[in-house]
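The values are calculated or read from the model by the stated rules, or taken from the named source; none is laboratory data. What you see is a predicted model, and the numbers here were worked out from it, not measured in a lab. Note that we place each Cβ from the backbone using ideal geometry, even for glycine, and neighbour counts take in every protein chain shown. Calculation scope for accessible area: heavy atoms of the full protein, side chains included, ligands and nucleic acids excluded. Shrake-Rupley method; radii C 1.70, N 1.55, O 1.52, S 1.80 Å.
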Amino acid sequence: MNLKIASGIISDGLKKVEKVVNWKHNIPIFQGVYMECTPNGITLIGSDSDESLRYHIPVDGENVDVVTPGKILLPKQAVELIKKLKGEIVLEREEHILVIKYGKKSQFSFVTSNVEEYPKLPEINFDGPSLILKGTEFSNVIRKTAFAAAENDIRPILMGLNIIANSNELIAVATNSHRLGRVILKKGTDKEKQVVIPAKVLEKHLKIFDLEKDVNVYFGSKNQVVFKNGSLVLYVRMLEGNYPSTERLIPTEFLTEITLNRLELLETLDRIGGLSDDGKTGVVKLQIRSGVAELSTNHSQIGKGIEILELQEISGDNEFSISFASKYMMDALKSIDDDYICFKYTGNLRPFLVTPSSGSPEIEETQLILPVRERDV
């Protein structure tokens with residue numbers, strides 16, 4: 001193997017795929033980045049067996065030139081070195097030794113593992129995606145739902161994002177049993193499918209996707225879902241088990257609906273949330289009366305805080321109170337893009353909904369939060 005390449009080009013690819021590499025993985029073959037060079041281009045793969053990232057760099061005859069095809073496993077030290085280099089570099093394989101040359105006479109060599117032991121990725125027919133999403137649609141599905149998934153493995157299935165695709169729509173739901181985020185995208189597929197994907201994996205990798213390009217989704221593999229975005233391909237192992245039915249949890253009738261300025265409410269919660277008895281979740285009490293919203297909280301050894309917000313609109317009962325975790329509410333508000341939100345109240349110990357005030361014909365989004373028992377503030 002012999003490769004000449006501009007350091008910046010290969011560094012960009014390595015920075016993407018190394019995000020899934022566990023340099024201390026208990027299986028040694030996963031402690032590196034797979035690189036294969038062909039006359040058509042360079043393929044970089046990072047994997048931890050549950051998730052894999054593949055990135056393709058085409059040969060252009062100027063910045064990328066494959067002199068001799070071949071493949072090798074790049075160890076961590078080689079990856080870190082390449083990211084620090086400037087200008088053109090040469091990578092050569094001599095049996096199990098990787099040689100990196102740059103500048104006039106600079107040279108490093110690294111012992112590598114047997115690349116033949118690296119597992120092959122599932123075969124995917126990239127000509128026939130199950131679903132094509134705009135980059136912004138893909139982003140909305142993840143950032144408006146995944147944060148609501150469970151963060152521990154008491155119920156492992158709740159650490160996933162449940163995706164249901166049918167001929168009319170794509171439904172994505174995440175919940176930790178105390179809150180729920182749901183998005184319904186008005187985009188169907190002729191390949192009906194239900195999959196549960198680790199939510200944190202999607203959140204993590206969203207940052208490296210090019211949202212100006214489409215995301216092609218492939219449901220063909222038995223235990224993996226594949227997302228293709230330009231030259232980047234993400235393979236994610238599905239979670240096993242049956243995701244609980246959540247449709248019945250979402251109320252459809254409400255005692256009161258109020259409209260509030262989203263940013264004002266978010267800033268208010270940020271100021272007073274830290275004064276609660278529970279510094280982790282920050283329990284806040286919302287009381288509606290006399291046409292205003294009063295938010296209050298306290299800490300037995302610090303003090304209490306009260307803030308007043310003007311209501312934009314109210315319909316139904318004009319007086320009620322409810323307590324909730326400020327963190328859950330703030331997360332929900334951050335996921336919404338509208339200037340105003342609708343707070344839909346069903347009872348002081350029943351779930352309430354937070355939705356965009358204006359809505360959209362292309363996407364329906366719902367945030368559900370369970371209240372906590374009220375306390376004196």
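Within the accessible area of the chain, the carbon and sulfur atoms contribute 45%, probe 1.4 Å, all protein chains present.
Taken over the stretch 92-250, the percentage of Cα pairs per 10 Å bin, counting from 0 up to the bin with the maximum distance, is 10, 33, 28, 14, 10, 4, 0.
The charge dipole of the stretch 186-275, taken about its Cα centre with unit charges on the Cβ atoms of Lys, Arg (+1), Asp and Glu (-1) only, comes to about 500 debye.
Give the shape of the stretch 150-196 as rounded, prolate or oblate, defined through the alpha-carbon gyration tensor: a ≥ b ≥ c are the square roots of its eigenvalues, a/c under 1.5 means rounded, and otherwise the shape is prolate if a/b is larger than b/c and oblate if not. Could you put the intermediate results ahead of the total?
Values: a/c = 5.05, a/b = 2.10, b/c = 2.41.
Oblate shape, in that a/c is at least 1.5 and b/c is the bigger or equal ratio.
With Rh defined as the Kirkwood radius, the inverse of the mean 1/r over Cα pairs, the Rg/Rh of the stretch 33-150 is 1.05.
Per-residue 3J(HN,Hα) values for the stretch 183-189, derived from phi via the Karplus relation 6.51 cos²θ - 1.76 cosθ + 1.60 with θ = phi - 60°, read 10, 10, 9, 7, 8, x, 9 Hz in sequence order (x marks Gly and Pro).
Using alpha carbon coordinates only, what is the Rg to Rh ratio of the stretch 48-116, with Rh defined as the Kirkwood radius?
Details: Rg = 13.1 Å, Rh = 13.7 Å.
Over the Cα atoms of the stretch 48-116, Rg/Rh equals 0.96.
Which of rounded, prolate, oblate describes the stretch 302-346, given a ≥ b ≥ c as roots of the alpha-carbon gyration tensor eigenvalues and a/c under 1.5 marking rounded, otherwise prolate only if a/b is larger than b/c?
Working: a/c = 1.63, a/b = 1.08, b/c = 1.50.
Oblate, because a/c is 1.5 or more while a/b does not exceed b/c.
Summed over the residues of the chain and divided among them, the accessible surface reaches 49 Å² per residue at a probe radius of 1.4 Å.
Filter the trypsin sites (Lys or Arg not before Pro) in the stretch 39-94 down to the DSSP loop ones having no more than 11 other Cβ atoms within 10 Å, then list what survives.
Qualifying residues, ordered by number: K86.
Working from label points 7 Å from Cα in the Cα-to-Cβ sense, the H299 to K84 distance is 4.3 nm.
Of E92, E212, E257, the residue with the greatest mean-square motion in the GNM of the chain, using alpha carbon springs below 10 Å, is E212. Within the stretch 292-367, the GluC sites (Glu not before Pro) that combine a DSSP coil assignment with at most 12 other C-beta atoms in a 10 angstrom radius are E319, E362. Site-free segments of the chain were taken between chymotrypsin sites (Phe, Trp or Tyr not before Pro) in DSSP loops having at most 14 other Cβ atoms within 10 Å, sites themselves excluded; the longest one is 127-377. Label sites at D270 and D153, each approximated as a point 7 angstrom past Cα along Cα to Cβ, lie 3.5 nm apart. Per residue, the chain reaches -4500 deg cm²/dmol at 222 nm when only DSSP H runs of four or more residues are counted, each adding -39500 (n - 2.57).
Summarising the overall dimensions of the stretch 141-234 from its C-alpha atoms, the Rg and Dmax are 13.1, 38 angstrom.
Could you pull out the pairs from K204/K304; K76/K144; K83/K204; K84/K134; K191/K334 whose alpha carbons sit more than 28 Å apart here?
On the way: K204/K304 37 Å; K76/K144 34 Å; K83/K204 21 Å; K84/K134 34 Å; K191/K334 32 Å.
Violating the 28 Å limit, Cα to Cα: K204/K304; K76/K144; K84/K134; K191/K334.
Over the chain, all Cα pairs binned in 10 Å intervals from 0 give whole-percent P(r) values of 5, 21, 24, 19, 16, 10, 5, 1, listed from short to long. Each Lys and Arg contributes +1 and each Asp and Glu -1, all at the Cβ; summed about the Cα centre of the chain, the dipole is approximately 1060 debye.
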